[in-house]
Amino acid sequence: MIEFRCFRNDDPPRLAEIWRTADLGPSAMQPMTSALLEAAVFSKPYFDRQGLFVALDDGRAVGFAHAAFGPNAERSGLDMSKGTTLLVVVVPHAEHEAIAAGLIARCEGYLAGRGATVILGGGAPDVGGFCLGLYGGSDVPGVLDSSVAMQAAFRQAGYEEADRIAVLRRPLAGFRPPVNRLQLAIRRSTTLSVVDEPSRRTWWEAATTTGLALRRYVLRNQAEELLGSATFWDMQPLASAWGVSAAGLMHVDIEGPRRRQGLASYLVAEAMHDLASEGVSLVETHVSQGNAAALSLFEKLGFDAVEYGTVFRKP
């Protein structure tokens, strides 16, 4: 008989074993360990054990699911009006579908009980904040298409597609920034500085990226006015498991009045050139399929889509 309970302090080895046994696809960290889960999940200041459910079959852990919330508009705390079930991980089992359904139902109850009126499935940049570096690559991309069983679990639970996330990659071997009149004009009128381990700009950024190696490229004009920035992180431990040195592009922020002036293309290209000079071999970023401007920008810089993920929503 399948039983369900909330997370206990002695569960990390069990959850790591479930992760290693389940088929989560090539963009999930393997082999999983308790230490990796501690760093990316349990140590976060907003982790709530009541939102992580474990399924047991005659005392043996056979699955788990994790429900969580994202930040408020100011990114100064959690927004309890919208939550998500980040992951539903189940080992090969004769009752796989029933176990997954039971886990999702308990996550929904947890989220609704704390005030959620919007319930999602899969991680996204505006919800969750867990498992960065363990699943999905440079960001949390919903549920990847390569995680077939997890996608099926959400669809069988009545979830519908809310967004599609493209996982984009660009090898840096031989990369050179584009050269045209606009880019040359930007180069002459701006300065680009590099900040390693920059100060975190919000509580949410601090909470989600503490322990990650960040690098921020900052673009200013000759009057020292901020034009924009691009923030990357060293994609560990996934990158080392893939056998490459990879940087994840987390944010490209261009100041409002400065948008659509070619600054984002210049900033990202120069940052990639600098990263390549320091031995980084691959850059990855995630973009919503609804963000046509960002997709066009990265296509021009030579990025290709290598995988897609779905963010689900409970009607």
Original post:
Which condition breaks for residue 279 when tested against (1) surrounded by fewer than 16 Cβ atoms within 10 Å (Cβ to Cβ); (2) assigned to a strand (DSSP E or B); (3) of a type outside the set (S, T, N, Q)?
Top reply: (2)
Subject >> Count of residues meeting criterion [touching a residue at least 60 places away in the same chain (Cβ under 8 Å) and either at positive phi or surrounded by 17 or more Cβ atoms within 10 Å (Cβ to Cβ) (or both)] in the stretch 191-208 >> reply: 6
**OP:** Could you tell me whether residue 245 is free of Cβ contacts under 8 Å to residues at least 12 places away in the same chain, assigned by TED's automatic domain parsing to the domain that holds residue 189 and over 19 Å from residue 201 (Cα atoms)?
**Re:** no
Subject >> Selection within the stretch 25-43 - aliphatic (A, V, I, L, M) and not in a helix (DSSP H, G or I) >> reply: 28, 29, 32
Original post:
Within the stretch 259-280, is even one residue without any contact (Cβ under 8 Å) to a residue 60 or more places away in the chain and within 23 Å of residue 74 (Cβ to Cβ)?
Top reply: yes
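Scan the stretch 1-24 and tell me whether some residue there is in a loop (DSSP other than H, G, I, E, B) and of a type in the set (Ser, Thr, Tyr).
Our first condition is that a residue be in a loop (DSSP other than H, G, I, E, B); within the stretch 1-24, this holds for 1, 7-11, 22-24.
Now narrow it down to the ones that are of a type in the set (Ser, Thr, Tyr): none.
No; the residues of the stretch 1-24 include none that is in a loop (DSSP other than H, G, I, E, B) and of a type in the set (Ser, Thr, Tyr).
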Subject >> Residues (out of contact with any Lys or Arg (no Cβ under 6 Å at 6 or more places or on another chain), in a loop (DSSP other than H, G, I, E, B) and surrounded by 13 or more Cβ atoms within 10 Å (Cβ to Cβ)) located in the stretch 292-315 >> reply: 301, 314
**OP:** Show the residue pairs that are 6+ apart or on different chains and have beta-carbon atoms under 6 Å apart, the first residue being within the stretch 66-79 and over 21 Å from residue 108 (Cβ atoms), the second being surrounded by fewer than 18 Cβ atoms within 10 Å (Cβ to Cβ).
**Re:** 75/202; 76/203
Subject >> Breaking point among (1) outside the structural domain of residue 88 (by TED's automatic domain parsing); (2) small (Gly, Ala, Ser); (3) not in a helix (DSSP H, G or I), for residue 239 >> reply: (3)
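Would you confirm, using the coordinates I've provided, whether residue 42 is of a type in the set (A, V, I, L, M, F, W, C), under 22 Å from residue 105 (Cβ atoms) and either under 19 Å from the mean Cα position of the chain (by Cα) or modelled with pLDDT of 95 or more (or both)?
Working: of a type in the set (A, V, I, L, M, F, W, C): yes; under 22 Å from residue 105 (Cβ atoms): no; either under 19 Å from the mean Cα position of the chain (by Cα) or modelled with pLDDT of 95 or more (or both): yes.
The answer is no for residue 42.
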Original post:
Looking at the stretch 254-276, which of its residues are surrounded by fewer than 19 Cβ atoms within 10 Å (Cβ to Cβ), modelled with pLDDT of 95 or more and more than 15 Å from residue 186 (Cβ to Cβ)?
Top reply: 274
**OP:** Taking residue 254 as meeting all but one of (1) in contact with a helix residue (DSSP H, G or I) (Cβ under 7 Å, 6 or more places away or on another chain); (2) among the aliphatic types (A, V, I, L, M); (3) in contact (Cβ under 8 Å) with a residue 40 or more places away in the chain, write down the number of the exception.
**Re:** (3)
Original post:
Does the stretch 129-142 contain any residue that is in contact with a Lys or Arg (Cβ under 8 Å, 6 or more places away or on another chain), in contact (Cβ under 8 Å) with a residue 60 or more places away in the chain and of a type in the set (S, T, N, Q)?
Top reply: no
Original post:
Can you pull out the residues in the stretch 5-45 that are touching a helix residue (DSSP H, G or I) at 6+ places or on another chain (Cβ under 6 Å) and either over 18 Å from residue 135 (Cβ atoms) or among the charged types (D, E, K, R) (or both)?
Top reply: 6, 13, 45
**OP:** Could you check residue 247 against (1) under 24 Å from the mean Cα position of the chain (by Cα); (2) of a type in the set (Gly, Ala, Ser); (3) at pLDDT below 95; (4) not in a helix (DSSP H, G or I) and say which number it fails?
**Re:** (3)
**OP:** Looking at (1) over 20 Å from residue 76 (Cα atoms); (2) part of a loop (DSSP other than H, G, I, E, B); (3) modelled with pLDDT of 95 or more, find the lone condition where residue 194 falls short.
**Re:** (2)
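Those residues that are more than 30 Å from residue 29 (Cβ to Cβ) and touching a Gly at 6+ places or on another chain (Cβ under 7 Å), I need them from the stretch 209-236; list them, please.
As a first pass, look at the stretch 209-236 and keep what is more than 30 Å from residue 29 (Cβ to Cβ): 218-228.
Passing the criteria: only 219.
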**OP:** Answer yes or no as to whether residue 225 is charged (D, E, K, R) and under 20 Å from residue 186 (Cβ atoms).
**Re:** yes
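The values are calculated or read from the model by the stated rules, or taken from the named source; none is laboratory data. Since we're looking at a predicted model, the values are computed, not measured. Cβ coordinates were reconstructed from backbone atoms using ideal geometry, including for glycine residues, and neighbour counts include every protein chain displayed.
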